[in-house]
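Each remark here refers to the structure printed beneath this line.
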Amino acid sequence: MWPANEAFIKSLRGKGGLVGAAIDPLTSHEGGNQRYLAIPWLDACLSARLPDVSDDRLNAMPTSDTWLAPIADFEAVPALRYSGDPLTAVWLPNEAIAKSWMQYVTDTTVPDTTPPPVTTNLRQSGNELSWEAAADLESGLASFTIEQDGKFLANVPENGKNAFGRPIFQGLQYTV
């Protein structure tokens with residue numbers, strides 16, 4: 001399957017398509033960790049393209065900060081320093097995404113500086129607690145820490161499990 005994907009990426013890049021690709025080293029077909037890089041990559045692209053006024057046309061994708069990398073490699077460089085054929089390389093929109101890509105293709109760790117969503121609607125019924133929480137799309141919710149008067153009581157779940165990616169409470173399915 002990989003040769004077909006690689007041919008597809010190279011075909012699009014060969015026509016000037018701005019295509020990124022990242023191989024998840026921890027999963028195979030299931031791609032359980034893909035969203036950790038896909039979300040910031042898409043966010044960077046959308047932020048660059050969307051106009052300030054909704055009636056305006058999309059902005060051209062800036063090329064001054066572009067980084068490139070061989071498809072199955074671990075090192076990205078600024079496009080101006082790339083020594084290979086740029087039309088067969090992974091396209092990365094800026095330095096921050098390039099650095100995240102380099103970390104992702106090593107171990108899927110991608111920095112997430114956004115705070116997790118705040119839990120709401122905490123309820124107690126006898127010795128049971130319940131609450132509501134929104135999904136954390138950037139990095140997933142690993143667990144909930146239960147404290148009383150600032151003292152640790154428990155983690156829920158105690159040990160995260162996930163067959164298709166990171167062991168997070170907010171489990172993933174077979175694909176993203």
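The values are calculated or read from the model by the stated rules, or taken from the named source; none is laboratory data. Keep in mind it's a predicted model, so treat the numbers as computed, not measured. Cβ: placed from backbone, ideal geometry, glycine included. Neighbour counts: every protein chain shown.
Just checking, does the range 81-102 include any residue being surrounded by 13 or more Cβ atoms within 10 Å (Cβ to Cβ), over 21 Å from I39 (Cα atoms), of a type in the set (S, T, Y) and touching a strand residue (DSSP E or B) at 6+ places or on another chain (Cβ under 8 Å)? Within the range 81-102, one or more residues are surrounded by 13 or more Cβ atoms within 10 Å (Cβ to Cβ), over 21 Å from I39 (Cα atoms), of a type in the set (S, T, Y) and touching a strand residue (DSSP E or B) at 6+ places or on another chain (Cβ under 8 Å).
Reported count of residues in the range 110-161, each being in contact with a Ser or Thr (Cβ under 8 Å, 6 or more places away or on another chain), in a loop (DSSP other than H, G, I, E, B) and over 30 Å from A38 (Cα atoms), is 0. Can you say whether V105 is at pLDDT 80 or above, assigned to a loop (DSSP other than H, G, I, E, B) and within 30 Å of A79 (Cβ to Cβ), as far as the supplied structure shows? Here the answer is no, as V105 does not meet what is asked. Quick check, is A38 in contact (Cβ under 8 Å) with a residue 40 or more places away in the chain, surrounded by 11 or more Cβ atoms within 10 Å (Cβ to Cβ), touching a Phe, Trp or Tyr at 6+ places or on another chain (Cβ under 8 Å) and of a type in the set (A, V, I, L, M)? Considered against the rule, which asks whether it is in contact (Cβ under 8 Å) with a residue 40 or more places away in the chain, surrounded by 11 or more Cβ atoms within 10 Å (Cβ to Cβ), touching a Phe, Trp or Tyr at 6+ places or on another chain (Cβ under 8 Å) and of a type in the set (A, V, I, L, M), A38 comes out as no.
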